[in-house]
Amino acid sequence: MRLSLRFVLPLMLVLWGFAYVVTPLVDRLTLRWFMRDLDIRSALIANTISEPLFDQLAAGRKVKIGEFFARITQDERLYALGFCPTTDAMPLASKSLPKELRCDTLDRWPHGGDNQLPSERGPLHVSVQPLANETYPSGRLVLVHDLGYIARRSEETKRYVVYFFLGLAAIVSLMTVVIAQLSWRGWVAGIRSLLRGEGLLRDPGAVGKFSVPEFRPIARDLQRLVQDLESEYRARDESQVTWTPETLRAILHGELRGNDVIVVSNREPYIHQRRGDRIEVQRPASGLVTALEPIMRACSGTWIAHGSGSADRATVDNHDRVAVPPEKPTYKIRRVWLNQAEEAGYYYGFANEGMWPLCHIAHVRPIFRSSDWGHYVAVNRKFADAIVAEAPSENPIILVQDYHFALLPRMVRERLPEATVITFWHIPWPNPESFAICPWREDILAGMLGSSILGFHTQFHCNNFVDTVDRFLEARVDRETFTVSLGRRETAVRRYPISISWPPDPAIVEKPIDECVAERRAANRLPRGHRICIGVDRLDYTKGILERFRAVERLLELNPEWIGNFSLIQIAAPTRSGIEEYQSHESQVRSLATRINERFGRAGPTPIVLKVEHHEPREVYEYYRAADCCFVSSLHDGMNLVAKEFVAARDDERGVLILSQFTGAARELPEALIVNPYDIDQCAAALHLSLIMPAQEQRDRMRLMRRLVREFNVYRWAGRMLLDAAAMRRRGPLANTVA
Ligand code: ADQ
């Protein structure tokens, strides 16, 4: 459409110009030229015939003059000829002389004028030339030319001009199209690359070869200048940017030229479950899914994940794909199927009994079985196959998620060397001594170093990773740029603190706070005025649920006024229940809750309300909005999104966040009451403080935390990674050319 407009518009413009401007102009010009020619010609004829004419007149042979004139007018253009010896005589003329031309009316035809005379055979031109001697001092010669040939020639000229202009129009239109294409693609890219110094560095197409060595220093300076300008611009720009799905889309389409993104994670964002003869869609309780789902909605593309739902196979197409979100599909899930042995070995075994406790250091021993490792390797390869099959090009952007896929980056790099692989590690990275106990530590590190960018939530985890590589691999570690080079590939290790989408979905925060408080109290049979603290976690031993309960117990010991007036509502999503350690943790959590409730809850509401079940986000947010405080007591947590969700839910700027110092979130939210979850007395004091904190102080703290979550939302998290990936892709060719 755009192309045809570019072509047709100039064409129409030129034709319009031809019809209304050029044609009349050409007509007027040619007529004037011909008139001038005819006057000159007439003067010439007059000169030529003056002598024979006067000879005839002197000899008195007036009759012969008619014949003489008739012979001359056999010429194609000269139509008639006449001579007026005096002003009142009859003209001596050829028979064709029009009757209107009489000797007494010749003054009407001034010399050099536009002397046209209409006739039956078309317009005629009249020229009156003085032709005198002593005998006829006022003699005049009348020459009548046929203007028909002018019209014929003018038509012919016009025809050629039409051809000329049509040709010109076609050329102009084509050139417009070509220039438009060139200017947007080639020229702009060319100028950009020249600005970056590429043009000076190498022959086009001859990657790695220098054609103009003497320009190299200039090119390098130019490059540095452009890089400085770019980073300055970006730094300035980022501080002013409001990060939204649109910003993210703009980055994707502008900086990355609309490249489709492939996300790979173990957990899928939508699970289809069979309930009787119905199929239900479930959203899993997972921080990773919470963070990445809004990104995929913004960017579209493909999300590759394990199809774990009982109705997952029934809902995919022939290519194992399903479009989601179900209410308004914007991207697709490509499901990878695992058999029971694979799931047991890769997911429950190596990932969750080995890597998870290894990285969290939460006093649960990692278990490493070689059979689990075998499945872990095989499943990583299976996902690598899926990525290669789904890749839309040779150099896609692949976002690999988490500790389930430590080997995947390298496997993908071997198959798609031009791909940009961004790996994000959602859990902590331990110190080298702790990591050292893993029997396959070198394989895991080398696998991760297949990434172009490796992201962690905090700088502390980046440092730990780089220290670990330095200790166990023959790799070059550059601590200034925070890059690791293994073989010929370089991996940038970067901090990207994850977050949640902002603003929160209006549908989950629409219910007024008062209603949320009333409904949640009623649902849990708690009286009016009863104070509530909320805990929201997967039922995982790293989340410090036992420590949280102990803090409640201590609060009631130290401040008995809260007995019967306060409850901790613990929403605990069942997780990894196939693992023994998790089963034992769940029973510990249940029995501790029972013991504390028996101790303090006999007379009225129990101090701990334990709800071991999955809740939909809307209900979780209602709890956040109904609570006086939210207690996050993780023993170790990469970030912890519950803390950020609680802040986002409190648009009334009330409520207190109690936050473990061992979460990544604690580094971003110092206005929370920061606690050591192992210090039970400190946690009890924080609980007490949260219940008596003045409204103004709650507001001051909440306002600062809300500002941070708004600015550093999940779109910024993804946007920063994609911008770094884009910069890396731009620098890629240069990195090979400049030593
Ligand atoms: P998780 O360990 O899953 O994430 P977290 O960041 O707290 O932990 O996210 C949990 C998510 O699940 C939240 O969105 C929460 O609302 C939801 N959720 C928890 N319990 C629920 C329940 N009972 N019902 C419904 N929803 C529930 C991992 C890392 C974290 C890191 C995230 C993201 O362990 O440190 O913050 O990835 O990178």
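The values are calculated or read from the model by the stated rules, or taken from the named source; none is laboratory data. Since the model is a prediction, treat every value here as computed from it, not as a measurement. Note that we place each Cβ from the backbone using ideal geometry, even for glycine, and neighbour counts take in every protein chain shown. With ligands, DNA and RNA removed, areas are computed over all heavy atoms of the protein, side chains included. Shrake-Rupley method; radii C 1.70, N 1.55, O 1.52, S 1.80 Å.
When the C-alpha atoms of the range 62-131 are aligned to their principal axes, what extent does each axis show, in angstrom, from largest down?
The Cα atoms of the range 62-131 stretch 32, 29, 19 Å along the principal axes, largest first.
In Å and whole numbers, how far do the C-alpha atoms of the range 87-183 stretch along each principal axis, longest first?
Computed over the range 87-183, the largest-to-smallest principal extents equal 79, 28, 18 Å.
For the range 322-430, report the accessible area per residue in Å² (1.4 Å probe, heavy atoms, rounded to an integer).
36
So, for the range 2-151, what is the accessible surface per residue at a probe of 1.4 Å, expressed in square angstrom?
Per-residue value: 59 Å².
Taking H placed 1.01 Å from N in the peptide plane, check which residues at least 5 places from F83 or on another chain put their amide H under 5 Å from its amide H.
L92, A93, V142
Hey, can you grab everything whose amide H is under 5 Å from the amide H of V675? Only 5+ residues off in sequence or another chain; H modelled, so Pro and N-termini drop out.
Under 5 Å from the amide H of V675 lie the amide H atoms of L659, S660, Q661, each far enough along the sequence or on another chain.
Using the per-residue mean of other Cβ atoms lying within 10 Å as a proxy for protection, in what order, highest first, do the peptides 594-603, 500-509 fall?
500-509, 594-603
Out of the trypsin sites (Lys or Arg not before Pro) in the range 106-144, which ones are loop residues according to DSSP with at most 16 other C-beta atoms within 10 Å?
R121
Report ³J(HN,Hα) in whole Hz for each residue of the range 539-544, in order, from the Karplus equation J = 6.51 cos²θ - 1.76 cosθ + 1.60 where θ = phi - 60°; Gly and Pro get x.
Result, rounded to whole Hz: 6, 10, 5, 7, 7, x.
Positive end of the dipole of the range 527-712, charges at C-beta (+1 Lys, Arg; -1 Asp, Glu), about the Cα centre: which of S634, N559, P527 has its Cα farthest in that direction?
Projecting each Cα onto the dipole axis, the largest value belongs to P527.
Round to a whole number: what % of the accessible area of the range 527-712 belongs to carbon and sulfur, probe 1.4 Å?
It is 47 percent, rounded to a whole number.
Of L659, S690, A170, which is farthest on the positive side of the dipole of the chain, counting Cα position, with +1 on Lys and Arg Cβ, -1 on Asp and Glu Cβ, and the Cα centre as origin?
A170
Enumerate the calculated ³J(HN,Hα) couplings along the range 490-500 in order (Karplus 6.51 cos²θ - 1.76 cosθ + 1.60, θ = phi - 60°), each rounded to whole Hz, writing x wherever the residue is Gly or Pro.
10, 10, 8, 9, 10, 9, 9, x, 6, 8, 10
Give me, ordered by chain and number, the residues 5 or more places off L635 or on other chains with an amide H under 5 Å from its own placed amide H.
Amide H neighbours of L635: K543, G544.
Give the average over all directions of the projected area of the C-alpha convex hull of the chain, one decimal, in nm².
With every direction weighted equally, the projected area is 53.7 nm².
Please label the shape of the range 502-556 as rounded, prolate or oblate, based on the square roots a ≥ b ≥ c of the eigenvalues of the alpha-carbon gyration tensor (a/c under 1.5 means rounded; beyond that, a/b larger than b/c means prolate, else oblate).
oblate
Only Cα pairs under 8 Å and at least 6 apart count here; give the relative contact order of the chain as a rounded whole percent.
Reported as a whole number, the value is 9 percent.
Take the Cα gyration tensor of the range 341-413, multiply each eigenvalue by 5, square-root it, and list the three semi-axes largest first, rounded to whole angstrom.
The three semi-axes for the range 341-413 are 26, 14, 8 Å.
With the dipole of the chain worked out from charges on the C-beta (+1 for Lys and Arg, -1 for Asp and Glu) around the Cα centre, which of L486, V144, F383 lies farthest toward the positive end?
The residue sitting farthest along the positive end of the dipole is V144.
As a test, work out the antiparallel percent of DSSP beta bridges whose residues both lie in the range 484-637, rounded to the nearest 5.
Around 15 percent antiparallel, to the nearest 5.
Cβ neighbours within 10 Å, averaged per peptide: list 65-74, 708-717 in order, most packed at the top.
Per-residue Cβ counts within 10 Å, averaged per peptide and sorted highest first, yield 708-717, 65-74.
Arrange the peptides 377-388, 661-672, 566-577 so that the one whose residues have, on average, the most other Cβ atoms within 10 Å appears first.
Most protected by this proxy first, the peptides run 661-672, 566-577, 377-388.
Checking the table K611/K644; K328/K644; K64/K95 against a 23 Å threshold on Cα-Cα, which pairs fail?
Distance filter (> 23 Å) returns K328/K644.
How much of the DSSP bridge set in the range 339-476 is antiparallel, in percent, rounded to the nearest 5?
Within the range 339-476, antiparallel bridges account for around 0 percent of the total.
Just to be sure I understand: if I project the alpha-carbon convex hull of the range 2-151 onto a plane and average over all orientations, what area do I get in nm²?
Reported value for the Cα convex hull: 10.8 nm².
Could you tell me what percent of the accessible area of the range 50-163 is made up of carbon and sulfur, with a 1.4 Å probe and every protein chain present?
Looking at the range 50-163 in its full context, I get 51 percent from C and S.
Under unit Cβ charges (Lys, Arg +1; Asp, Glu -1), what dipole magnitude, rounded to 20 debye, does the chain have relative to its Cα centre?
Value, rounded to 20: 960 debye.
If you count the DSSP beta bridges with both ends in the chain, what percent of them are antiparallel, to the nearest 5?
40
Taking the inverse of the average 1/r across all pairs of different Cα atoms in the range 527-712, what Kirkwood radius in Å do you get?
One decimal place: 16.4 Å for the Kirkwood radius.
Suppose every K and R has +1 on its Cβ and every D and E has -1 on its Cβ; what is the size of the dipole of the range 527-712 about the Cα centre, in Debye to the nearest 20?
With only Lys, Arg, Asp and Glu charged at Cβ, the dipole is about 300 debye.
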